[in-house]
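S.K.: Please find one structure pasted underneath; my questions will follow.
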Amino acid sequence: MATLAQTRLTRSRTPVRPRVWSTVWAYPRLTVGIALLALLLVVTLGAPLFVSHGPLEQNLSAVLHLPFGNYLLGTDQLGRDVFSRTLYGGRLALAVAVVSTVIALIIGVALGLLSGYKAGMVDSVVMRVLDGVIVFPDLILALSITYAVGPSFWTVAAAIATVNVPKFARVVRGQVLSLREREFIASARVAGVSTIRILLRHLLPNVVEVIVVQAALTAGTAIFTAASLSFLGLGLPAPQPDWGGMLKDGYAYLGSRPLMSIIPGLMIFAAMLAFNLLGDGLRDRFDPKVIARTARVRAGRREKGATDEQ
Amino acid sequence: MARQMEIPAIDGVRRRQVLQAGGLSALGLLIAACGGGNTPNPTINSSGSSVAGKPVHGGTLTFATAMDITTLDPAFSQNFSERFAFYAMYNTLVAYDQNFNLVPELAERWQTSKDGKTLTLFLRKGVKFHDGTPFNAAAVKWNLDRLLDESTNSPLRGQLTPPVRSVKVVDDSTVALDLQSAWRPLLAALGERPGFMISPTAYKKYGKDYGLHPVGTGPFEFVSFTQNSSLKLKRFDGYWDPSHVYLDGITFQNVQDAQVQLTMLRTGEAQIADQMTPQLATTLQGVSSVAVSQRPTGDWYAMQMDCDKPPFNDARLRQAIAYATNRDGVRDALFLGKARDAAGPIGIGWAYDAHDSAPVYAYDLDKAKALVAQANATGKRVRYVNSSQSDYQSIAQLLHEDYVKTGLNLQVGTVPASDYYNSVVADKNYWSLTKWTPRADPDGLLRNILHSGSNGNTTGYHNPEVDRLLDEAAGINDLTKAAPLYHQICRLVEKDAPYAWVIWPDALVPHTTNLGGLKLYPDGIYRLRSLWIAK
Amino acid sequence: MTWYVLKRGGAALIVMFVVSLLTFIVTRVLFPDPAQSILGGQGETVTPEQVAHLRGQLGLDRPLSVQYFHWLGDLLQGNLGRSFRTPIDVSTAIYQRLPVTIELMVLALTVAIILGMLLGIAGALFRGRIIDGVSSTVSVLALSLPNFFVAILLIYVFALKLQVLPSAGWVPLTQDIGQNLKFMLLPAVTLSLAYIGTFARYARALMIGVLSEDYVLRAHASGLSPRSVIVRHAMKNTSIPMVTVVGLNAAGLVGGAVVTESIFSLPGLGTLFTDSILGKDFPMLQGLILVITIGVVVLNLLVDLAYGLLDPRIKVS
């Protein structure tokens, strides 16, 4: 298991050189992921700088306008700028991803820490309930909850968070189970440190890395699940632009205006890719074995023997 | 909209062209309306007509449909497309033509007693159900009694009660319905869901499973059904009117997407489909194998507002919404002119008032703003709830732009399409977009949504004069005497504005050009039974 | 071993109980009352008395706890109830639709396993070289493509532009295999894509592990040709753990099937699920969720037990 101490040790062994560049070359996935995510953030948060029409602004005399001319990517069935809606739609997608991931993270990590550390009855109860949640396919549970409660930003975010809580809890619990028997925890317990303090001060810092990796991957699936809900007509309410909803609207005009569905589709793809690369990249970065491997790879290209990640 | 006003030089030209096109087609409708008496456009107006000439026998028709069939038992039917199947498999007691005029079907003729309290139906003789059961007076009584029986729990019961007290068999081919009072709309109901006759033998045999083993007297009999996939029917050899049946069979093929349906028509995999938008229709120019038939309907979209609760208990706010409703915008931008501006709740049929073709509150943002200001509602938060269905979304989103300009602060919410009407009934939404389809008799819809005693009156509208006129009109069997009362009702309601009517859209039916015998009905339900396919 | 099986089986039973409770909470507690929509939507004249009468008939007026235990009791007798919307028993409806979803999943898994294994093994064999880079790039791209987007692209290209494959429709397998596969091809490819990426990653990691094992190194040393080492030893030893990987992932496929089936109008469990949600058909929804989740629990249990059989270390713990 990768503890911080080990990681730091390994890291100091990597060749000196200019640090940034070496990191960029050593972790291509991380680099591309961060770059892509940064690009998405810039274009969505900076949307007003790039667009000449508001995302809700209708031009009834330019309905289903073809791309170029007044509208870079054309207009939709209400004469709204597809380019503008695409950029603004990203804000909502990223917001859902971040909010749902944060909710899932807080609840999941708390449950994971508690049940891994307390073990016994608490562990059994928490884990069985989470096992019950996790056997629901993501979309089936999210769809049921969203439909039952009624679609809104917070329902969608809460539904997606619910689906992801067990994933955080499981990885954290796994880590904690192996940490709790370690000496520094045992001595803290003997010294009479409170449970809360042990959880937050001693255990949490040691599981930060898996949490961060899990959060990146979760954000990617959150983008996907939110878009799926919208595509099935149960997502974020109109008229706010949202990628899944745009894709669904555009699907009706697939034959004559393919860009109306392809553009938001590509954006969902790009966002999922960014988070997946980020997650993978962070895992590479945190895993000492990979660091060892990449160092070796750079030194002598291929070499047999070492085990890989996973 | 904002853009158009700022830069009239660029967008104004196109807009005028669009308006002209829309205006022209509306004019065309009006001309046709005059030709058909006081009903608008009874003729089929096709942008590419179906084949004329002598019908050809043979072939199986494939109908690409976004079908939502869940049961084939009319007593429990709720979904729109189920009726496409019913009209092929079953007969109704009476039928109505393309102008909502009653015509004979299983009842060859009917008679109302002087006091209006007895309706006697004289049945066609020699008719048999697909399973060989004879169709007779006893079968009619059994069918109607089943709907009237409370324990059946049929949603149709409300269409027969309170008027129908009992059903009597007079002789083998005569049935008498004993009514509480004269009730003209009953006959039209017998041409709709309550009038479909099912085989009592089959029902006794299959019991609660009957809905998947339908047996009627219609020209096509049931072969197989897979929900969300297909429904297969074949020609019934013992049909009583064989001279108007040409196809060997009909297949309902589930295809949800309009674009895909169109592709199937182009490749000849299907002959007729049910999803078409005006935008898609324009992509068909130059395609010789597919046509879109069009006719006006009495369907309407309207903004509905709760009259009995704040904020819309203030009539000025309802009027403001009505004034701020950009009907031309919806008609031209969303329906590309294939719709009419709706003035009120009756857009078609014998009760339609040709003089009533312009909305009471014509589009005028300044008046809307002034009314909102008068009501002290500028900046007021008003919750607006809409269905997730795409037509609702488009229309509401288009109209919002103007509603915001009235000074109201709109809080928009969305409810899943399937749950939308229930949330309206439950009184959770005091402002929402709604769509209604007319019944053959105007009483059917108007009583349901406007009478203060009706459970379907979701706006809380209460006008004693309207209630009185509705009750009086329903007892009049002479249509020429009843029609003026409906005109009066319409004017009252339009002025009170529980609804801000938006448009009456046209029906658009895509089909291959080798399809013959197509007749479009104002209720929007396809009658597939007399279609034929040219070789 | 018996103790291990009992322990795992017991845990699975508890999970099933939790699942039934969750299913009930989601479908009965959170959902709006179905009585009104069963009696009639817009355009029907429904009186409040009718609604009350129906609620009584369906037992919706009883306390929720009573409803839950009543439902649980029926379940234990194998009675999933009857649909609210269609005149059919829930078990019959599920039984009719199960083959479509299973066929879709089997086809998708087949495509995903074949392509995923090829991709992953190629990456492992050429580790650190261009092929490895291509392989992992392709797998992360495949993982990040949302299925509904893939479906739309496929429909655009193959159904609308080339007009070589149908975009909607279905023919039973028993009626015409050729036609059936024609209808199933695009949905299966759509569903498989994300799993190609997943399987490629596992296959690569497993293969790398196997390649470093002593017996493979020894086989190399003993002069066997690289090809026979790979085929005879490495491939075989990668395949066994891959079975469990596939087993664990099969569950997630059901979620993908919901979207895929609804786009391609396939009459499987996915479309039945969306229809039941929209139609508020509780008995159907409950039955479906239970069948799907219990399928997942059972699959996980089998995978667990297989692990136990294959890996002696687990028996001890």
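S.K.: Based on the alpha-carbon gyration tensor of chain C and its eigenvalue square roots a ≥ b ≥ c, which shape applies: rounded if a/c is under 1.5, prolate if not and a/b is larger than b/c, or oblate?
M.R.: oblate
S.K.: Taking Cα atoms, how many degrees apart are the long axis of helix C:130-144 and the longest axis of chain C, rounded to 10 and kept between 0 and 90?
M.R.: Long axis of C:130-144 versus the principal axis of chain C: about 0 degrees.
S.K.: Sticking with this structure for a sec: Rg and Dmax of the protein assembly as shown, Cα atoms, in Å?
M.R.: 32.6, 110
S.K.: Just want the ordering: B:Val127, B:Val140, B:Val170, from fewest to most Cβ atoms lying within 10 Å of their own Cβ.
M.R.: On the way: B:Val127 19, B:Val140 25, B:Val170 12.
Sorted ascending by nearby Cβ count, the order is B:Val170, B:Val127, B:Val140.
S.K.: By its C-alpha gyration tensor, with a ≥ b ≥ c as the square roots of the eigenvalues, how is the stretch B:83-165 shaped: rounded for a/c under 1.5, else prolate for a/b larger than b/c, else oblate?
M.R.: It is rounded, given that a/c, with a ≥ b ≥ c, falls under 1.5.
S.K.: Additional query: Could you list B:Ser394, C:Ser139 in order of exposure, starting from the residue whose Cβ has the fewest other Cβ atoms within 10 Å?
M.R.: B:Ser394, C:Ser139
S.K.: Moving to a separate point now. Can you sort C:Val303, A:Val102 so the residue with the fewest Cβ neighbours within 10 Å comes first?
M.R.: A:Val102, C:Val303
S.K.: Could you tell me the center-to-center distance, by alpha carbons, between the stretch B:368-398 and the stretch A:165-201 in angstrom?
M.R.: If we compute the Cα centre of each part, the gap is 54 Å.
S.K.: Quick one: plug the Kirkwood hydrodynamic radius of the stretch A:167-293 (C-alpha pairs) into Stokes-Einstein at 4 °C, 1.567 mPa s, and report D in µm²/s.
M.R.: The Stokes-Einstein estimate is 73 µm²/s.
S.K.: Give the aspartates and glutamates reachable from B:Lys481 as a straight Cα distance under 15 Å; neighbours fewer than 8 places away on the same chain don't count.
M.R.: Leaving aside aspartates and glutamates fewer than 8 places away in the same chain, those within reach of B:Lys481 are B:Asp353, B:Asp441, B:Asp443, B:Asp471, B:Glu472.
S.K.: Taking a threshold of 24 Å on the Cα-Cα distance, which of the pairs A:Lys248/B:Lys519; B:Lys435/B:Lys495; B:Lys519/C:Lys280 fall above it?
M.R.: Numbers: A:Lys248/B:Lys519 32 Å; B:Lys435/B:Lys495 19 Å; B:Lys519/C:Lys280 35 Å.
Exceeds cut-off: A:Lys248/B:Lys519; B:Lys519/C:Lys280.
S.K.: Please give the Cα centre distance for the stretch B:53-129 versus the stretch C:241-271, rounded to the nearest Å.
M.R.: When both Cα centres are located, 42 Å separates them.
S.K.: Shifting gears a bit: Report, in debye and to the nearest 20, how large the dipole of the protein assembly as shown comes out about its Cα centre when Lys and Arg carry +1 and Asp and Glu carry -1 on their Cβ.
M.R.: Magnitude of the dipole: close to 4400 debye.
S.K.: Something else about it: Excluding same-chain residues fewer than 8 positions from A:Lys118, which aspartates and glutamates have a Cα within less than 20 Å of its Cα?
M.R.: By straight Cα distance, A:Lys118 reaches A:Asp131, A:Glu181, A:Glu183.
S.K.: Which pairs break 22 Å Cα to Cα here: A:Lys167/C:Lys236; B:Lys125/B:Lys168; B:Lys535/C:Lys182? Mind showing how you got there, number by number?
M.R.: On the way: A:Lys167/C:Lys236 31 Å; B:Lys125/B:Lys168 18 Å; B:Lys535/C:Lys182 28 Å.
Beyond 22 Å: A:Lys167/C:Lys236; B:Lys535/C:Lys182.
S.K.: Continuing with the same structure: Between rounded, prolate and oblate, where does chain B land on the alpha carbon gyration tensor, with a ≥ b ≥ c its root eigenvalues, rounded for a/c under 1.5, else prolate if a/b exceeds b/c?
M.R.: oblate
S.K.: Could you name the aspartates and glutamates whose alpha carbon sits less than 12 Å from that of C:Lys7, not counting residues in the same chain fewer than 8 places away?
M.R.: Here the aspartates and glutamates satisfying the reach criterion relative to C:Lys7 are C:Asp304.
We did not get these values from a lab; they are worked out from the coordinates using the rules stated. Model, not experiment: these values are computed from the prediction. Positions of Cβ are backbone-derived with ideal geometry, glycine not excepted, and every protein chain shown enters the neighbour counts.
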